[in-house]
Amino acid sequence: MTFILPALEGTVFAFTLTFARAGAMIMLLPVIGDIGVPARVRLAFALAVSAALAPTVAHFYPATAPAPVALAFLVMRETIVGIMVGTMARLIMSALDVAGTLIANQTGLAFAQTFNPSLSASTTVVSTFLSLLGAMLVFESNLHHLAIGAIRGSYDLMPPDGALMTADMVELAVRMVSGSFALGLQLAAPFVLLGFLIYVALGLISRLMPQMQAFFLAMPINILTGFVLLNLFLGVMTTTFLEFFATNMAIFNP
């Protein structure tokens, strides 16, 4: 087997820059970059994707490696692009965290963190459940292909020889944050509304029957109604989220 060093140098150069962008994105992409996926698996997946993608995007990069300073600048730039695009995609999954936090606070399941400080204060059991369920359904519906396609689509949105478009990315981040928060609020709306009605009813009962500890009954009632509503609306909630996921991930697949 004969190796042509100039060609090999160009291939290694293209692979290095592709890995800088793809690796940063894969560590942050929704589902694929979740904390439940081991770091070694994500690293192996990033290497495999970079090896497959490098020949198709090599024309975006210079034919030969530049000086060390310019090379370091290119690697840093590609890493920044990968982090920016990956963060935008990661914001899509935050809708389930918002919905889970609101539901847990309304149903009283979030009090577990108060009684047991060893639990993580950054997430609730409902948020974890919805996030895992959403990730499973993304794979089941083959929407993870959009997350993988976003790696290649990022070269059309932000080519290596173009500007970073920080203003556009900031605007997109604002849209993603507002859209995810609005969706999370919509998913949790039935729980918030019913919880409000329960507290109003218990408030009236406590005024009519002061000797009755009405609000002492609020906790089990909230938990029971929360589980009932979750069973009733879980299908609608996941379907709405999958539509939101597909619509927003399509932005990175032009």
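Only one of the values [x] 7, 26, 26, 21, 15, 5, 0; [y] 7, 25, 26, 18, 12, 7, 3, 1, 0, 0; [z] 7, 30, 37, 21, 5, 0 was calculated from this structure for P(r) over Cα pairs in 10 Å bins from 0, in percent; name its label.
Given [x] 7, 26, 26, 21, 15, 5, 0; [y] 7, 25, 26, 18, 12, 7, 3, 1, 0, 0; [z] 7, 30, 37, 21, 5, 0, the structure-derived one carries the label [y].
Please compute the modelled spin-label separation between LEU232 and ALA44, points set 7 Å along Cα→Cβ, answer in nm with one decimal.
4.6
Between beta-carbons, use under 14 Å as the cut-off and find the net charge around GLY82, counting Lys and Arg +1, Asp and Glu -1.
On the way: positive: ARG21, ARG42, ARG77, ARG90, ARG152; negative: GLU78.
Counting the neighbours of GLY82, the net charge comes to +4.
Ranked by Cβ crowding within 10 angstrom, fewest neighbours first, how are VAL138, VAL228 ordered?
Ascending Cβ contact count within 10 Å gives the list VAL228, VAL138.
Quickly estimate the mean residue ellipticity at 222 nm for the chain, helices only: each DSSP H run with n ≥ 4 gives -39500 (n - 2.57), and the total goes over all residues, rounded to 500.
Here the helix-only value at 222 nm equals -26500 deg cm²/dmol.
By how many degrees, 0 to 90 and rounded to 10, does the Cα axis of helix 5-26 deviate from the longest principal axis of the chain?
10
Can you give me the angle between helix 218-249 and the longest principal axis of the chain, using Cα atoms only, in degrees from 0 to 90, rounded to the nearest 10?
30
How do the peptides 12-23, 201-212 rank, highest first, by the average count of neighbouring beta carbon atoms within 10 Å per residue?
In decreasing order of mean packing, 12-23, 201-212 become 12-23, 201-212.
Rounded, prolate or oblate for region 3-111? Axes are the square roots of the Cα gyration tensor eigenvalues, ordered a ≥ b ≥ c, and the cut-off for rounded is a/c under 1.5.
prolate
So how do 34-41, 158-165, 246-253, 94-101 stack up, highest first, on mean other-Cβ count within 10 Å? Present the calculation step by step, with values, prior to reporting the outcome.
Details: 34-41: 10.5, 158-165: 12.9, 246-253: 18.0, 94-101: 23.4.
By packing density, highest mean first, the sequence is 94-101, 246-253, 158-165, 34-41.
What is the helix-to-structure angle for 39-57, meaning the angle in degrees between its Cα long axis and the longest Cα principal axis of the chain, kept from 0 to 90 and rounded to the nearest 10?
Tilt relative to the chain: about 50 degrees.
Bear in mind that the values in this text are calculations on the coordinates, not laboratory data. Everything quoted here is computed from the prediction, not taken from an experiment. Glycine also receives a Cβ, built like all others from the backbone with ideal geometry; neighbour counts cover every protein chain displayed.
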